[in-house]
Amino acid sequence: MAKPYAMDLGERAMARLAAGEGSSRVAAALSIAVSSVIKWAARARRLGSVTPGRMGGHRPFAISGEHRLFVLRQIEESPSEIFLVRLQPSGWSHISKQEIRTKVNEGKGAHTLRSVLPMRQLPVLHPDHLLDMALRYANQWPLVPVVSRADLRKLEGVISEHDILNRYRAFDEEGGD
């Protein structure tokens with residue numbers, strides 16, 4: 001993995017740019033890539049500094065402390081028994097209130113939700129799918145996410161067996177075929 005340049009190198013590059021030198025000339029003088037000079041300049045304009053961000057990637061959010069209490073309170077107050085969870089980078093799963101309570105009581109409240117979720121990826125539907133397709137999933141999955149075709153992470157809605165059966169009943173009452 002690449003390591004960042006020395007902290008003062010970016011500042012020296014910015015000083016030379018401010019004095020009127022071009023990116024190519026600054027890069028050559030400091031023996032660095034032109035792309036580094038350009039990226040530092042953009043970062044300095046955007047953030048006011050060339051200080052690099054954290055290295056090591058994204059650390060998933062863990063539910064702990066005050067936020068843990070807030071989440072547990074929200075879960076208890078919700079009428080839903082099952083919650084939809086978006087998996088990274090894409091995909092959907094679900095977890096029940098009871099599973100969350102069990103994980104917290106086992107001392108796993110400080111873990112990320114993904115790390116304690118059972119591995120079960122839900123099938124997805126798109127808004128243009130027929131209700132018949134939703135019915136195929138309804139007896140196997142408590143919830144089925146309805147997502148955008150353009151972005152599978154964008155949730156358009158959620159459908160359950162109860163929703164599907166209610167729609168069929170309404171269709172029958174309307175005199176549909």
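The values are calculated or read from the model by the stated rules, or taken from the named source; none is laboratory data. Computed from a predicted model, the values in this text were never measured in an experiment. Positions of Cβ are generated from backbone atoms using ideal geometry, with glycine treated the same way; all protein chains shown enter the neighbour counts.
The table that follows gives values for the structure above.
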{"read-out": "Some residue of the stretch 52-59 being part of a helix (DSSP H, G or I), at pLDDT below 90 and within 25 Å of the chain's Cα centre (by Cα)", "value": "no"}
{"read-out": "Filter pass, Val37 being aliphatic (A, V, I, L, M) and touching a residue at least 24 places away in the same chain (Cβ under 8 Å)", "value": "yes"}
{"read-out": "Residue in the stretch 66-86 that is basic (Lys, Arg), surrounded by fewer than 16 Cβ atoms within 10 Å (Cβ to Cβ), in a helix (DSSP H, G or I) and at pLDDT below 75 present", "value": "yes"}
{"read-out": "Residue ID - modelled with the lowest pLDDT, chosen from residues in the stretch 93-107 that are in a helix (DSSP H, G or I) and crowded, with 16+ Cβ neighbours inside 10 Å", "value": "Val104"}
{"read-out": "Among (1) under 23 Å from the mean Cα position of the chain (by Cα); (2) at pLDDT 80 or above - the single one Ala27 does not satisfy", "value": "(1)"}
{"read-out": "Answer residue from the stretch 30-49, given it is at pLDDT below 80 and surrounded by 10 or more Cβ atoms within 10 Å (Cβ to Cβ) and is nearest to Ala6 (Cα to Cα) among those", "value": "Ser49"}
{"read-out": "Leading residue by the ranking (nearest to Ile95 (Cα to Cα)) among those in the stretch 117-158 that are more than 16 Å from the chain's Cα centre (by Cα) and assigned to a strand (DSSP E or B)", "value": "Val144"}
{"read-out": "Whichever residue in the stretch 2-24 is part of a loop (DSSP other than H, G, I, E, B) and crowded, with 16+ Cβ neighbours inside 10 Å and, among such residues, is modelled with the highest pLDDT", "value": "Glu21"}
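Residues are listed down the side, and each one gets a yes or a no for (1) aromatic (Phe, Trp, Tyr); (2) in contact (Cβ under 8 Å) with a residue 24 or more places away in the chain; (3) more than 19 Å from Glu81 (Cβ to Cβ):
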position	(1), (2), (3)
Trp141	yes, yes, no
Asp151	no, no, yes
Lys154	no, no, yes
Ile164	no, yes, no
